[in-house]
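The values are calculated or read from the model by the stated rules, or taken from the named source; none is laboratory data. From a predicted model like this one, the values you see are computed outputs, not experimental measurements. Cβ placement follows ideal geometry from the backbone for every residue including glycine, while neighbour counts extend to all protein chains displayed. Ligands, DNA and RNA are stripped out before the accessible areas are found, and what is left, the full protein with its side chains, is counted by its heavy atoms. Shrake-Rupley method; radii C 1.70, N 1.55, O 1.52, S 1.80 Å.
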Amino acid sequence: MCGIVGYIGDKKATDILIDGLSRLEYRGYDSAGIAVFNDGDICVEKYKGRLAVLEEKIKDKDISGTVGIGHTRWATHGEPSDTNAHPHTNYSQNIAVIHNGIIENYIKLKEWLMKEKGHSFKSETDTEVIAHLIDYYYEGDLLDAVYKAIDKMEGAYAIGVVAKDEPDKIVAVRKDSPLIVGIGEDENFIASDIPALLKYTRDMYLIENGEVVLLTKDDVKIFNEFGQEQKRDIFKVTWDVESAEKEGYEHFMIKEIYEQPKGVSQTLNRRLEDDKIINLDGIKITKEDLERIDKIYIVACGTAYHAGLVGKNAIEKYAKVPVIVDVASEFRYRDPFVDDKTLFIAISQSGETLDTLAALREAKRKGARILSVVNVVGSSVARESDDVFYTWAGPEIAVASTKAYTTQLVAMYMIALNMGITKGTLSTERYNEIIEELKNMPEKIQNILDKYETTQHLASSQFNNESVFFMGRGLDVEVSLEGSLKLKEISYINSFAIAAGELKHGTIALIEKGTLVIALATQDKLYDKMLSNIKEVKARGAYVVAIAKEGNTEIEKSADTVIYIPDTFDELTPILAVIPLQLFAYYVSVARGNDVDKPRNLAKSVTVE
Ligand code: M6R
């Protein structure tokens, strides 16, 4: 989604804005722009296309001002174009605005401003309305005009605003879209995400929903929705700057795939006491709580939803509580069975996915206790939950989620194991066995990564398929869904995942000579059934690539290629089986010449509905 950066200080703003925006490129965008105070005016430059286009257009222009705002736009209202790009201004260009989110009542506001107040508009965007609205209320005090404007605005937004007559100020607002403030020496920043500012400062203020910020070069004031000043502790970012860099890898995605042994090990070890007891410090779900809870909802989007499907299996197996898994965008409108006996688990890498956040709020409103599994510390989902289990994947930059998924799986296993042992529905012996095996996972993942060439080779011969089918049984269905999503989002191949037993109920009609079928056969008790399903598609001409556990070689007689994963308990195979699927998607995308880290039409964190 859109990226926001603002700078106020003594340095050349253009350089800092463009550098900050370049670190938000992973969020996905189709145009970029800046507004900088220059020679007594607000100089606005904005163009369709990559940041490089903007850089090229301004390289010979003298824009040396030291205060400005910058934006990368992911189109929602109006096509990607120079005109629709941000920043947007009022008619006389003395107010400029950048915006992430959607103003839901913008048509009503636009009509009011046009018909009753005589304003005229240039773009199709909702954002331009904000600039005009602030202009309408502006009487020499930007902060006051912003307060009056946001009172009329409905929807989700983070905005940054500058006014020509107050060149020593930036005003920013956060409502349901992420916004942080970076604190420097004689300089301050705003941004939609931490990586944009890491090069300049690690001291941040996390802005809360409904808050308005007034920045000058040597001060930051935060106000609540009623205009009362708020105290805020500094949030110190502990990541290395390098963790948000490619460090020699060709793409963030492959770097992040290779970071999985470390992420899994950190997620596990942060919560293991004496190497074997899961310590859910701060998450006080007691035996009594668990006995009271009569159902669990796991709600998430995309890859996080797929992690939730595996989590359901683990919780039902170990803790014997019924679990409903739902996609956040549907949950909200379903009138779900949530009450004070419900535990609601939200899973989100970014912690800023709007649908997940809205679902969480809905569940909270209905009385549920909220536990979230989140990667980004201090994100909205984390802050609005009763309890948080942080995954320790480190920053995930590539749009295609990889290390977030495997660390989310580990988190879900640990939550399930803890519930099982606390409730007494899981034996100590089995609990210990699973913990010991989880500890082996980093090494087993590494083992698969070391054999990457088999998958790379497969991708080099299979990258031209028009469609690909993933199939499996039991937990392999959940992993098939994730493998299919990974492939489609970065290769643009029409891929599809199905429970193998469902094939004969319709989908087998699509199998013809040469169709690529990726068959997951990692579940011992379903292995023979999978062999039969593989034979069925082979008989219709499919080319079958199977994923199986080492030692289960019978499958070589039916499949064309077999990729082996190290042996493990059936319930833990998702952590391993997904690795070759991630590698396959990556190498196919590279072979097709796609922009792996920034696939078309997609954004890293979906902060609009
Ligand atoms: O940040 P979140 O985990 O809430 O994001 C959820 C999905 O948008 C995300 O997993 C998406 O499906 C990825 N592009 C998948 O690779």
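Quick look at the values:
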item: All positions within segment 591-609 that are touching a residue at least 24 places away in the same chain (Cβ under 8 Å), open to solvent by 20 Å² or more (accessible area, probe 1.4 Å) and farther than 30 Å from Arg174 by Cβ; result: Ala591, Arg592, Asn594
item: Selection status of Ala368, among the hydrophobic types (A, V, I, L, M, F, W, C), within 14 Å of the ligand (Cβ to nearest atom) and touching a Phe, Trp or Tyr at 6+ places or on another chain (Cβ under 7 Å); result: no
item: Evaluation of Val264 against (1) within 15 Å of the ligand (Cβ to nearest atom); (2) closer than 25 Å to Gly378 by Cβ; (3) modelled with pLDDT of 95 or more (one fails), failing number; result: (1)
item: Scope segment 512-570; condition part of a helix (DSSP H, G or I) and aromatic (Phe, Trp, Tyr); matching residues; result: Tyr527
item: Qualifying positions in segment 463-492 - touching a Phe, Trp or Tyr at 6+ places or on another chain (Cβ under 8 Å), touching a residue at least 24 places away in the same chain (Cβ under 8 Å) and of a type outside the set (D, E, K, R); result: Phe463, Ser467, Val468, Phe469, Phe470, Ser480, Leu481, Gly483, Leu487, Ile490, Ser491
item: Residue within segment 393-410 that is farther than 26 Å from Asp176 by Cα, more than 12 Å from the ligand (Cβ to nearest atom), over 17 Å from the mean Cα position of the chain (by Cα) and assigned by TED's automatic domain parsing to the domain that holds Arg271 present; result: yes
item: Failed criterion for Ser350 (all others in (1) modelled with pLDDT under 95; (2) away from the ligand (no atom under 16 Å from the Cβ) hold); result: (2)
item: In segment 403-442, the residues that are under 18 Å from Leu581 (Cα atoms) and among the charged types (D, E, K, R); result: Lys403
item: Single match in Leu449, Leu360 (criterion: surrounded by fewer than 24 Cβ atoms within 10 Å (Cβ to Cβ) and either within 13 Å of the ligand (Cβ to nearest atom) or more than 21 Å from the chain's Cα centre (by Cα) (or both)); result: Leu449
item: Selection from segment 573-593 of residues that are more than 12 Å from the ligand (Cβ to nearest atom) and touching a Phe, Trp or Tyr at 6+ places or on another chain (Cβ under 7 Å); result: Leu583, Val588, Ala591, Arg592
item: Boolean, Ser532 is free of Cβ contacts under 8 Å to residues at least 24 places away in the same chain and away from the ligand (no atom under 16 Å from the Cβ); result: yes
item: Segment 398-415 residues that are among the aromatic types (Phe, Trp, Tyr), paired with ones that are within 8 Å of the ligand (Cβ to nearest atom) (beta carbon under 6 Å, 6 or more apart); result: Tyr405/Thr303
item: Within segment 490-506, tally of residues that are over 21 Å from Gln462 (Cα atoms) and either of a type outside the set (Asp, Glu) or outside any helix (DSSP H, G or I) (or both); result: 7
item: Residue count for segment 483-528, restricted to those that are within 16 Å of the ligand (Cβ to nearest atom) and aliphatic (A, V, I, L, M); result: 5
item: Filter result (out of contact with any Ser or Thr (no Cβ under 6 Å at 6 or more places or on another chain) and either away from the ligand (no atom under 13 Å from the Cβ) or hydroxyl-bearing (Ser, Thr, Tyr) (or both)) within segment 299-308; result: Tyr305
item: Selection count where residues are outside any loop (DSSP other than H, G, I, E, B) and either over 21 Å from Gly101 (Cβ atoms) or open to solvent by 40 Å² or more (accessible area, probe 1.4 Å) (or both), scope segment 318-330; result: 9
item: Subset of segment 258-300 [of a type in the set (S, T, N, Q) and either in a helix (DSSP H, G or I) or open to solvent by 50 Å² or more (accessible area, probe 1.4 Å) (or both)]; result: Gln260, Ser265, Gln266, Thr267, Asn269, Thr286
item: Within segment 331-347, considering residues that are of a type in the set (Val, Ile, Thr) and within 14 Å of the ligand (Cβ to nearest atom), the one nearest to the chain's Cα centre (by Cα); result: Ile347
item: Residue within segment 24-36 that is in contact with a helix residue (DSSP H, G or I) (Cβ under 7 Å, 6 or more places away or on another chain) and open to solvent by 60 Å² or more (accessible area, probe 1.4 Å) present; result: no
item: Pairs where the first residue, in segment 252-272, is assigned by TED's automatic domain parsing to the domain that holds Trp392 and under 12 Å from Gly394 (Cα atoms) and the second is part of a helix (DSSP H, G or I) and small (Gly, Ala, Ser), C-beta under 8 Å, 6+ apart; result: Thr267/Ala411
item: Which listed residue is open to solvent by 10 Å² or more (accessible area, probe 1.4 Å) and either hydroxyl-bearing (Ser, Thr, Tyr) or under 24 Å from Leu602 (Cα atoms) (or both), from Asp355, Asp386, Asp335; result: Asp355
item: The lone exception for Arg232 - which of (1) open to solvent by less than 40 Å² (accessible area, probe 1.4 Å); (2) touching a strand residue (DSSP E or B) at 6+ places or on another chain (Cβ under 6 Å) it fails; result: (1)
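Residues checked against (1) in contact (Cβ under 8 Å) with a residue 24 or more places away in the chain; (2) surrounded by 20 or more Cβ atoms within 10 Å (Cβ to Cβ):
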| residue | (1), (2) |
| --- | --- |
| Lys513 | yes, no |
| Ala519 | yes, yes |
| Glu536 | yes, no |
| Lys557 | no, no |
| Pro566 | yes, no |
